Amino acid sequence: MDNRLKEMLIRQLQDELDHAKKINEEEIAAQIRRIGFHCLMCGRCCRRESGDNRVALMPEEIRRIQVGMNLRMEDVAEPLNIEAESPAEECSLHERSGMIDEDGNIHTFGWMLHRKENRDCCFIPDERNNNKCGIYELRPLMCSTYPFYMEELKLMTSECEGLGKKTGMVQSRELAHMVLERYLCELKDTILTYENYSSFTTGPKGKESAVSDMKQGYLNYIVHNSEGKCRTTRNIRTAVYRLIYNE
């Protein structure tokens, strides 16, 4: 990403943020009531077998969970990554998108909730008859607003069996408030991520280095986020991440 593209993206996001601040919360609440929603506690949004269950995290959300649960960062978050069926496929996809540097580091943007080896959320029990979230009171805005989100100033919905159920006035207003809060926070976070972003050099040996690391049982990541960038390494055999340091 060159500087001109970076500056253009920041301007577009800032313009969207300015317009987002003017959205009427009551209008969003009215839309939510018309759509209707009631959580069925099915846990499908938390489990990989039901579809993409990646939950994007902002740094302050990571810290809140860390403090509240007395956990290390790597127990809470991992690089916001593409979905791939194997580490080899992951390396190929990243290489094709130009996100592997000449030293074999995989570059990603932002964090997501850590997942188990089966890619279920690490805070959902293994028992299929128990869908109680282990961090319910600390859960990220992406979880507390699901299945609603804002995109290009419009209210959107994700696939969810709870849609179409009756929603009361109080619940719709609470959801509208959180959905707009999430939207503004995400826009601000993305703007800061681009402002802090520094480019990296790619090269023909980058994928070779990443594949060599993979064969030794690990992959190295550099995560670009709103607080700068951070290095972390992943043990492929155990799906465990280890934070190396913040840059």
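No value in this document is a laboratory result; all are computed from the given coordinates. Small disclaimer: the values here were computed from a predicted structure and weren't measured. Cβ: placed from backbone, ideal geometry, glycine included. Neighbour counts: every protein chain shown.
Taken as a whole, the structure leaves Leu113 outside the set of residues that are closer than 17 Å to Arg182 by Cβ and touching a Gly at 6+ places or on another chain (Cβ under 7 Å). Checking the conditions here, which among Arg72, Arg48 is surrounded by fewer than 20 Cβ atoms within 10 Å (Cβ to Cβ) and closer than 18 Å to Cys230 by Cα? Sole residue among the options that is surrounded by fewer than 20 Cβ atoms within 10 Å (Cβ to Cβ) and closer than 18 Å to Cys230 by Cα: Arg72. Only helices (runs of 4 or more DSSP H) whose full extent lies in the stretch 113-217 are considered here, and the ones with at least 2 residues that are of a type outside the set (Ser, Thr, Tyr), under 17 Å from Ile32 (Cβ atoms) and touching a residue at least 60 places away in the same chain (Cβ under 8 Å) are 141-144, 169-196. You will find that of Glu102, Glu117, Glu95, the residue that is surrounded by fewer than 19 Cβ atoms within 10 Å (Cβ to Cβ), in contact with a Phe, Trp or Tyr (Cβ under 9 Å, 6 or more places away or on another chain) and charged (D, E, K, R) is Glu102 and no other.
Scanning the stretch 218-247 for residues that are in contact (Cβ under 8 Å) with a residue 24 or more places away in the chain, of a type in the set (Val, Ile, Thr) and surrounded by fewer than 16 Cβ atoms within 10 Å (Cβ to Cβ) yields Thr238, Val240.
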